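Working notes, structure below.
Nothing in this text is a laboratory measurement; each read-out follows from the coordinates by a stated rule. Just so we're clear, the structure is a prediction, and the values are computed from it rather than from any experiment. Don't worry about glycine lacking a Cβ; one is built from the backbone with ideal geometry, like all the others, and counts go over all protein chains shown.
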Amino acid sequence: MQKKHKKYVLIFLLPSLILFVIFQIVPLIWSFALSFTDWNIRTDPNFVFVDNYIKMFTSSDFWSSCLHTLQYVFIEVPLVIFFGMILALLVNQKFKGISFFRGAYFIPVVSSWVAVSLIWKGLLNPKFGMINQGLSVLGIQGPSWLFDPSWAMWGVILASTWKDMGFAMVLLLGGLQNVDKQLLEASSLDGANSWKRFWKITLPLISPSVFLTSMISAISAFQVFEQVWVMTEGGPAGATSVLVEHIYKNAFKYSQMGYAAALSWVLMLIILVISLIQNKLEKKWVVYS
Amino acid sequence: MKKFTKIIIIILMISIAAGMIFPFLWTVSTSLKPKKATLQYPPELFSEEITFENYITIFEKYPFGRFLFNSCFVTLITVISQIIICSMTAFAFARFNFKFKNLLFTVFLITMMIPFQVTAIPLYLIIRSFGWVDTYLGLILPRLFSAFGIFLFRQAFMSTSREFDESALIDGANYLQVFFKIILPMNKTAIATFSIFSFMDSWNSYIWPLIVTTNQNMMTLPLGLSALQGRWSTQWNLVSAGAVVSIVPILIVYLFAQKKFIGSMSSAGLKG
Amino acid sequence: MRKLFTVLTVGFLVSLFSFAAVTIDYMTFSAVPSHEETLQEIVNAFEKENPDIRINVIPVAWEDYFLKLSTMYAGNTQPDTFEINYENFVEYAADGLLSPIDDINKKMNFSSEKIFYDKAYRGFSSDGKQYGFPASFSTVVLFYNKDLFDAAGVEYPKSDWSWIDEFEAAKLLTDEDQMIWGTYQPIQFWEYYKVLAQNSGSMIKDGKATINSTAGVNALKWLVDKIKYNIMPSTEEEAGLNSEDLFVNGQLAMVHTGIWFFSQFREECDFDWDIQVEPGMASKGAHYFANAVVMSNRTNNRDAAWKWMKFLTTSELAAKLRFEKGWELPAISDEALLKPYLNDNSLPLNKKAIFESLEGAAVPPVIRGWGAFTDVVNKELDSVKLGLKSAQAALDVVAEEINKQLK
């Protein structure tokens, strides 16, 4: 029995393992080695020891990109999960035409960031954009959004939340759909109202999905890039510069591959730490059947 | 009272839907405008002239047809391969116990945290040494490993009761049969969910196709969209047309997938 | 039997032919996206004249161009010939990635005198070796909307205008209610080093940064104050449009932008317009953007590559097409070719202003780490524009950065 067992483990694991080693491990190690050089892609690399790391930790640009990234993660992710949950609950109903809503709420997720950033740049336009026009109807003067260093990140977060909440919705919906209807009905007969029902029964039951969603969202939020790049390019005056944008600029604009490799390794460590923390929390909060 | 709540909910859902759809409508309307109309401020939803010339332009002046084909081909192969490979791997994690299992899983997970930029250049050099630059192999293979897929399927399989496996094994089936005939069909939701994300990720992939292709005939849609932006100015009417061409296929896939699988789930009583 | 023999012979000759045909890659950014057809015409003409050489065109958008090029070098798939701009040329030449062409020039009895603008030609040599041929050049001039000037009763800009003159005229031409502004000049690195030259300032002198001198500070103030005095739209007022679109829309009476916009303005402006040399202050200054065609250091067919490079940059057809389609300007000095261009009726009429500008051409001092440096400068300029820093403070930061690089 043991022998048979082993053979199957190998069969099931092999494809991923091969791909993993060739296309993940090898480049990873290579790039780790690179982080100790000054390679500019075109010519041969020179060993520079820990110069790149020293440069990084004494660079104010690096620290501000860290700060902005954290700002983004700790605001956008909770927002996305919150709104995603609302959407998931809304589309978990059964009536004719529900697929229309499921489709509609996912359209932003599916669209390309080029198209979406163009739209949001328009929506956030301080003079003609609908956001500020709507605010002025309420008697509030809207800020300059993407042109104001103190508001630009909020503009990016707004657009990202709008685009990502459908993503969270799909993941959470999967969980909701697995909830046994009988359990829910039993509890409503017991007299529990819908709010209590949600907190005490539904939420624990879908906690695996919530965990999965927050894990994925956090990891992807740490790597936020395209929308920042397309909407503000890290501006104005560096107000929206985030880690991956910083890495990208150094790798592909300035051809500083060694430095960029060092930066990405540090980013990876940060994400690792956060994920370990989340993992610890999983053991506390998630309920598996 | 109940009917009132229901109406409020419907209104809420419709307004949210409008908020989601509107930008898409906007892109479509811009794609139907001649260039001059796109410069109007404050912007109008529908200009007086409606024209399809932007679509004609992108297919004639730029090989958008070729881009479309490449994106479709690469994405299709990628999605199918990923579903099979990731679910198989997840099965091993969910059902077997083996040495270093947890370590391996954690290591796989860590790869999700690696920004692609870090491995992109060494990856290119590896592909180049295989002679796979400007080939479909080069476009597809390096992107096949998906820790996300493994994660998702493992989660789903762990929630699938072992009783099914066990009864089949007792009946003399081997693990492969259990996998293909029982576990996979029972997890259609997971397959559907994953295929949506896998499709999207592959369809919108930008940096990798950029690096690994030099021949315009091998490029994918995102590169095509980027090609519409020159050094000095962007033609938004063309970009919008290109954006519409890029969005429609994904939308179709999504609507198809979610209607078929997400939704009424056969509740085998042992679940939950 | 005879037929078979013919077929075989033809087949043999054809395969011999294609076997003997050499393929030369040519990578370009300036042809993207509007001039790929123009380039193809030039390629076709070249291939006709040189049936044993085939050109493989690789068009890449500007944003991705140097990333692509770098990766190709890293993977040893670099193109035989490619287009490069001045700033990147300095770095690529220093890295030893280009092949000097002096030996082939000699072999082919080629002399650049009488063919290229000397300045353009010299620009692409390094350490006494010539690396390529200048393919095109362009510059920034002052465009103005004649209709708006007429309506406000203001005199057209003259070639000896100073910043003050532009300022005064702009004040008269601005009508905020109509959303019309007098002028527009981008606040970014390339504009800055040019106005620095116009104010007789410099970035580096005698091995030290001099960018934060009084001349430098005043030059920056000139750029930024236009918004302050309302003669130029602020970023919010631009409402997401770029300055060229605003000009086409009739919202800017004057705009500082490049001559590569000729064809677009010809197509889209429904008013009369012309160009003038940019106003200076303590002296005149103008941009000199040049692109060249260079040869990689690892190409196998240097002679064939050279032939293509020469054809692209010096043939009459290429020059004619560039003029016709408004695809930048050839860097050739042949008066005979230039004359019809200067005198034709296409807008702008005052084309000689382009060449007048070049007399004050300022080339940026290219230092190592050029890309990162321009970003630092742009960030500081942004801070001043947003009112976060004073011009002096911002330029002090830049000076520090320059001195760091020079060490």
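Convert each backbone phi in the stretch B:155-171 into a coupling constant with the Karplus relation 6.51 cos²θ - 1.76 cosθ + 1.60 (shift: θ = phi - 60°), then list the ³J(HN,Hα) values in order as whole Hz, x for Gly and Pro.
Couplings: 4, 5, 5, 5, 8, 9, 4, 6, 4, 5, 4, 4, 5, 5, 5, 4, 6 Hz.
When the distances between all Cα atoms of the stretch A:1-155 are binned every 10 Å from zero, what whole-number percent does each bin get?
8, 16, 22, 24, 19, 9, 2, 0
In whole Hz, what ³J(HN,Hα) sequence does the stretch A:89-100 give by Karplus (6.51, -1.76, 1.60; θ = phi - 60°), x for Gly and Pro?
Rounded to whole hertz, the list is 4, 5, 8, 7, 7, 10, 9, 4, x, 5, 4, 4.
Mind checking the angle between helix B:64-95 and chain B's longest principal axis? C-alpha axes, 0 to 90 degrees, to the nearest 10.
Value to nearest ten degrees: 20.
Decide, for chain A, between rounded, prolate and oblate: order the square roots of the alpha carbon gyration tensor eigenvalues as a ≥ b ≥ c, take rounded if a/c falls under 1.5, and otherwise choose prolate if a/b is larger than b/c, else oblate.
Details: a/c = 2.29, a/b = 1.18, b/c = 1.94.
Judged from the Cα gyration tensor, chain A comes out oblate (a/c at least 1.5, b/c at or above a/b).
Using only the Cα atoms of chain B, build the gyration tensor, take square roots of its eigenvalues as a ≥ b ≥ c, and label the shape rounded, prolate or oblate: rounded if a/c is under 1.5, else prolate if a/b is larger than b/c, else oblate.
Taking the square roots of the gyration eigenvalues as a ≥ b ≥ c, chain B is oblate.
For n ≥ 4 DSSP H runs only, could you compute -39500 (n - 2.57) per run for chain C, divide by its residues and tell me the 222 nm figure to the nearest 500?
Details: 19 runs with 197 residues, N = 407.
For chain C, the value works out to -14500 deg cm²/dmol.
Just to check I understand the Karplus step: with θ = phi - 60° and J = 6.51 cos²θ - 1.76 cosθ + 1.60, what whole-Hz values come out for the stretch B:208-218, glycine and proline as x?
5, x, 4, 6, 8, 10, 10, 7, 4, 5, 9
What are the DSSP H helices in chain C that stretch 18 Å or more along their long axis, judged by alpha-carbon atoms, and whose average Kyte-Doolittle hydropathy comes to at least 1.0?
TM-like helix candidates: C:2-20.
On a 0 to 90° scale, report how tilted helix B:188-203 is relative to the longest principal axis of chain B, with both axes built from alpha carbons and the result rounded to the nearest 10.
Long axis of B:188-203 versus the principal axis of chain B: about 40 degrees.
Based on alpha-carbon centroids, what's the gap between the stretch C:54-106 and the stretch A:198-215 in Å, whole number please?
Spelled out, the Cα-based centre of one part sits 54 Å from the other.
For the stretch C:72-183, what size does the Cα cloud have along each of its three principal axes, sorted from largest down, in whole Å?
Cα extents, longest axis first: 61, 37, 22 Å.
From Cα pairs below 8 angstrom and at least 6 apart in sequence, can you work out the relative contact order of chain C, rounded to a whole percent?
Over chain C, the number comes to 24 percent.
When the helices in chain B are scored as -39500 (n - 2.57) per DSSP H run of 4 or longer and the sum is shared across all residues, what 222 nm value do you end up with, to the nearest 500 deg cm²/dmol?
Mean residue ellipticity, 222 nm, calculated: -21000 deg cm²/dmol.
To make sure I understand, if each residue's beta carbon is the centre and we count other beta carbons within 10 Å, what order do A:MET130, A:MET215 fall in, fewest to most? Write out the running numbers ahead of the final one.
Working: A:MET130 13, A:MET215 21.
Fewest to most other Cβ atoms nearby, the residues stand as A:MET130, A:MET215.
How well do other chains shield peptide A:36-44, expressed as the mean number of their Cβ atoms within 10 Å of each residue Cβ?
5
What average count of beta carbons from other chains do you get within 10 Å of the Cβ of residues in A:247-258?
Mean partner shielding for this stretch: 6.
How many percent of the alpha carbon pairs in the stretch A:22-110 exceed a separation of 21 Å?
The share of Cα pairs beyond 21 Å in the stretch A:22-110 comes to 64 percent.
With a/c under 1.5 counting as rounded, go ahead and sort chain C into rounded, prolate or oblate using the C-alpha gyration tensor (a ≥ b ≥ c being the square roots of the eigenvalues; past the cut-off, prolate if a/b is larger than b/c, else oblate).
Note, shape of chain C comes out prolate.
Let's test this: bin the Cα-Cα distances of the protein assembly as shown at 20 Å from zero up to the farthest pair and state each bin's percent.
For the protein assembly as shown, the binned pair fractions read 12, 41, 33, 12, 1, 0 percent.
Have a look at A:SER144, A:SER160, A:SER194 and tell me which one the Gaussian network model of chain A (Cα, springs below 10 Å) gives the largest fluctuation.
In this elastic network of chain A, the residue with the biggest mean-square fluctuation among A:SER144, A:SER160, A:SER194 is A:SER194.
Name the residues whose placed amide hydrogens come within less than 5 Å of the amide hydrogen of C:ILE180, ignoring near sequence neighbours (fewer than 5 apart) on the same chain.
Here C:ASP175 satisfy the definition.
Ratio of alpha-carbon Rg to the 2.2 N^0.38 Å globular estimate for the stretch A:225-269, to two decimals, please.
Against the empirical 2.2 N^0.38 Å value, I get 1.11 for the stretch A:225-269.
Quick query: amide H of C:ASN56 versus all other amide H atoms, modeled in the peptide plane; which residues come in under 5 Å with a sequence gap of 5 or more or a different chain?
Correct list: C:ILE24, C:ASP25, C:TYR26.
Exposure proxy check: C:ILE259, C:ILE53, B:ILE80 ranked by fewest other beta carbons within 10 Å?
Taking fewest neighbouring Cβ atoms as first place, the list is B:ILE80, C:ILE53, C:ILE259.
Across peptide B:25-32, what mean number of C-beta atoms from other chains lies inside 10 Å of a residue's C-beta?
Neighbouring Cβ atoms belonging to other protein chains average 2 per residue here.
Ranking B:TRP26, C:TRP62 by Cβ neighbours within 10 Å, fewest first, what do you get?
Exposure proxy ranking, most exposed first: C:TRP62, B:TRP26.
Would you give the gap between the C-alpha center of the stretch A:84-116 and the C-alpha center of the stretch C:228-275, rounded to a whole Å?
Going from one Cα centre to the other spans 41 Å.
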